[in-house]
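Below is one structure, written out as structure tokens; comments come after it.
The values are calculated or read from the model by the stated rules, or taken from the named source; none is laboratory data. The shown structure was predicted, so the numbers you read here are calculated from the model rather than taken from an experiment. Please note: Cβ atoms are built from the backbone with ideal geometry, for glycine as well, and neighbour counts cover all protein chains shown.
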Amino acid sequence: MNLFNFLNRRTSAPVARERLQILLAHERVSGNHSQLVAVLQEEILAVIAKHMQIDRDKVVVKLDRGDDVSTLEIDIEMPPQTQSQARPELSL
Amino acid sequence: MAKVLVVTSGKGGVGKTTSTAALGAALAQAGQKVVVVDFDVGLRNLDLIMGAERRVVYDLINVVQGDAKLSQALIRDKRLETLHLLPASQTRDKDALTSEGVARVMDELREKFDWVICDSPAGIERGAQLAMYHADTAVVVTNPEISSVRDSDRIIGLLDSKTERAEKGERVDKHLLLTRYDPARAKRGEMLKTEDILEILSIPLLGIVPESQDVLRASNLGSPVTLADPTSAPARAYTDAVRRLMGEKLAMSIPGDKKGLFGKLFGRRVA
């Protein structure tokens, strides 16, 4: 292991290059849109909370930007049936 | 037609102020009317690097707030008649800069000069965004080091979204200026290579400034490196960068301290 480290000690640049490529590929996609996703999540939560009680952690908003297709995925786990029956009538 | 150029990087300590001074002086040496503007409010240093720290009376904030006329705040360089400095304030904070005020000052500078070079503060906050907002051209200063490359990538994203040009659906011309480069270490695989960084950031290369003792010597003396020692390796790199900025097509090389042989050895390895 020591010998291996010694031999590879000098060529750290390829490691740096690879780490950067992976990191930036991720940051360019998600980084720019993280704020949008956070805003969406808050507003969706607010709308749902008006009508039913939900667990904040059970709402997942995901944004995937691709070259051709982008998807916005909203996953809301509903509360169990017993709870929803107990809730008051919707008043609009 | 005046050009507004921002020298930016995200990361601190990579050479924004050194590069602003060197590029500004080299442009003035080429006969252009140049003003270098320090946007680093509260931490001004461009005055020191330019050797004008004892001549500052009024600053950018005084002009932005209407307390001084632009002509009162501009400091003319003692060595180059066409080179001017608009210093930042050392005592105020950057909240004193209003976007309307900055816009008005930039308009006035555009009328007076061929080149308005804005030295951005580090970071991506308000100060950095104000410095880049009016830019036509950006020089992204990057060291061959992962944190600097990552921050440059972030800044490139902001140049494409948070500038006046971006808001109008136009583009800021972005250029990469690689500083503190050590060709020998890059060759041995100890340092990111020019082509690695170009591939990752994918903006055109303006120049490669080699790591050199001449840069510190110039800043000690309060003189842009292109004036302090015009034949030094970093000065030649900056002078070449300026010729490219003015539209010349030059083959890319890394100027070396040992003229000739060094350049021949590494000149070919550059993208």
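With respect to the conditions (1) touching a strand residue (DSSP E or B) at 6+ places or on another chain (Cβ under 8 Å); (2) hydrophobic (A, V, I, L, M, F, W, C); (3) modelled with pLDDT of 95 or more, B:Ala235 falls short on a single one, namely (1). In this structure, does B:Leu159 turn out to be touching a residue at least 24 places away in the same chain (Cβ under 8 Å) and over 22 Å from B:Val102 (Cβ atoms)? So B:Leu159 fails the test.
Selection of the range B:196-218 for residues being more than 10 Å from chain A (Cβ to nearest Cβ), modelled with pLDDT of 95 or more and under 20 Å from B:Arg244 (Cα atoms) yields B:Leu198, B:Ile203, B:Pro204, B:Leu205, B:Leu206, B:Gly207, B:Ile208, B:Val209, B:Pro210.
Looking at the range B:44-96, the helices (runs of 4 or more DSSP H) lying wholly inside it that each contain 3 or more residues that are within 24 Å of B:Pro230 (Cα to Cα) and under 17 Å from the mean Cα position of the chain (by Cα) sit at B:46-49. Any residue that is of a type in the set (Asp, Glu), touching a residue at least 12 places away in the same chain (Cβ under 8 Å) and surrounded by 23 or more Cβ atoms within 10 Å (Cβ to Cβ) - is there at least one of those in the range B:109-118? No, there is no match, as no residue in the range B:109-118 is of a type in the set (Asp, Glu), touching a residue at least 12 places away in the same chain (Cβ under 8 Å) and surrounded by 23 or more Cβ atoms within 10 Å (Cβ to Cβ). Do we have any residue at all in the range B:170-192 that's at positive phi, over 19 Å from the mean Cα position of the chain (by Cα) and within 14 Å of another protein chain (Cβ to nearest Cβ)? There is at least one residue in the range B:170-192 that is at positive phi, over 19 Å from the mean Cα position of the chain (by Cα) and within 14 Å of another protein chain (Cβ to nearest Cβ). Can you find a residue that is surrounded by fewer than 17 Cβ atoms within 10 Å (Cβ to Cβ), within 24 Å of B:Thr163 (Cβ to Cβ) and at pLDDT below 95 anywhere in the range B:43-52? Checked the range B:43-52: at least one residue is surrounded by fewer than 17 Cβ atoms within 10 Å (Cβ to Cβ), within 24 Å of B:Thr163 (Cβ to Cβ) and at pLDDT below 95.
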